[in-house]
Amino acid sequence: MMKENVDWQSAQGKKDSVAKTAIDGSVFNQFFPKQGDGYDIVFKQEKSGFAQASLQQGGKELATFSIFDTTSNPEARTKFDTATEKFVGFPLVTEEAKSLSALVGKRFQVQVRSDDPAFGESDRKAWLEKFDLAGIAELE
């Protein structure tokens, strides 16, 4: 059984519907980091407004990546209103000391999450930087 990203669940709250303007999840795949240098990117889930992938090395999951179109749940953007840190110009929040999320283009939450203590904040930032954030920002 596939483990869903916890932040996706909380971002959705009790909403079951997806906004008609939400971008299809398959569109997001091109913006994820590329695999190589001993790392594999394994796409786990895509649906309207959401895509998720796993960062793996030697078959072990190191982190989970996701892109979420917040048009279906605008309240998910409110956590970025008080962000004190920016990442490449985008508001950045740390959640639960195991994930980093950036709000890209005032609409898309891009997240790097890991439960492995060896995969720390500097690793999460390094992988967040490998997303095509500028490309995501241009989506409409």
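The values are calculated or read from the model by the stated rules, or taken from the named source; none is laboratory data. Source: prediction; values computed, not measured. Neighbour counts run over all protein chains shown; Cβ positions are idealised from the backbone, glycine included. SASA here: full protein model, heavy atoms, side chains in, ligands and nucleic acids out. Shrake-Rupley method; radii C 1.70, N 1.55, O 1.52, S 1.80 Å.
Results, tabulated for the structure shown:
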item: Sparse-neighbour loop sites [trypsin sites (Lys or Arg not before Pro); segment 70-102; at most 16 other C-beta within 10 Å; DSSP]; result: none
item: MRE, 222 nm, helices only [DSSP H, n ≥ 4, -39500 (n - 2.57), over the chain, to nearest 500]; result: -4000 deg cm²/dmol
item: Accessible-area composition of the chain, carbon plus sulfur, in percent [1.4 Å probe]; result: 49
item: Expected-Rg normalisation [2.2 N^0.38 Å, Cα atoms] applied to segment 48-140; result: 1.04
item: Relative contact order for the chain, counting Cα pairs under 8 Å that sit 6 or more residues apart, in percent; result: 20
item: Distance in nm between pseudo-label sites at SER122 and GLN57 (7 Å out along the Cβ direction from Cα); result: 1.3
item: Relative contact order %, segment 71-140, counting alpha carbon pairs below 8 Å whose residues are six or more apart; result: 22
item: Per residue solvent-accessible surface (Å²) - segment 96-140, probe of 1.4 Å; result: 47
item: Separation between Cα centres of segment 64-81 and segment 103-135, rounded to whole Å; result: 13
item: Simple Cβ-charge dipole of the chain, Lys/Arg +1 and Asp/Glu -1, about Cα centre, in debye nearest 20; result: 220
item: Cβ-derived FRET efficiency at R0 22 Å, GLU138 paired with LYS20, nearest 0.05; result: 0.60
item: Nearest-0.05 FRET efficiency for LYS47 and GLU85, computed from C-beta distance (R0 22 Å); result: 0.15
